[in-house]
Amino acid sequence: MAWKEFEYSCISADSTLSYRPYIRTILHGKEALQLLALIDSGCETTMINIEVAALIGIELTKCKRVLVAGVGKGSQKGYQTEIDIEIPGCNSTFASSVIFADIPTEMLLGQESFFKNFQILFEGNENKFKLNKITRLKNAN
């Protein structure tokens, strides 16, 4: 895949406009759901708002319980499982470990899966970013 360019999204917080690298995703559980996700280089594992689990048919009681810590918050409980995430603009779907937790946004794309599947070029001064799907050759051994 060649580099694909995306515009930053304009968000408003406390009457201040900011531009951030959000991208449309489709989560595939028992049901599919489209969400806006923030590409977050400071996030280790992809995190999804806990309310989304029921919408895509994920039963939290069947997920691994984990503790989640974030900037400015104490630790909280989270529920870890694996789902498929699709990036429509890149014609790409990949399996990802995710944690459902009480976060203040719909979804954070983290290092563990997203950054290992894509090269990412942030151009904050231009309010855009670029993605390039990493193609892995299967080991012939």
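I want to check a number: in the chain, how many lysine pairs have alpha carbons closer than 12 Å, given a sequence separation of 8 or more or different chains?
5
For the chain, report the convex hull volume of the alpha-carbon atoms normalised per residue, in Å³, without decimals.
Per residue, the Cα convex hull of the chain comes to 137 Å³.
With a cut-off of 8 Å between alpha carbons and a minimum separation of six or more residues, what is the relative contact order of the chain in percent?
Details: 294 pairs, mean separation 43.1, N = 141.
Once divided by the residue count of the chain, the mean separation gives 31 percent.
For the range 25-88, rounded, prolate or oblate, judged on the Cα gyration tensor with a ≥ b ≥ c (square roots of eigenvalues), a/c < 1.5 rounded, else prolate if a/b > b/c?
oblate
Is it possible to state the helix-based mean residue ellipticity at 222 nm for the chain, with each DSSP H run of 4+ residues giving -39500 (n - 2.57), the sum divided by total residues, to the nearest 500 deg cm²/dmol? What is it?
-1000 deg cm²/dmol, from helical runs alone.
Using the alpha-carbon centroid of each, what span in Å lies between the range 8-28 and the range 76-130?
The range 8-28 and the range 76-130 have Cα centres spaced 13 Å from each other.
Listed highest first by mean packing, meaning other Cβ atoms within 10 Å per residue, what order do 10-18, 62-70, 98-106, 127-135 come in?
Details: 10-18: 8.2, 62-70: 12.9, 98-106: 19.7, 127-135: 15.2.
Result, highest mean Cβ count within 10 Å first: 98-106, 127-135, 62-70, 10-18.
The numbers here are math on the coordinates, done by the rules we state, and not lab data. In this text the structure is predicted, and so the values were computed from the model without any measurement. With ideal geometry, Cβ positions are generated from the backbone for all residues, glycine too; neighbour counts draw on all protein chains shown.
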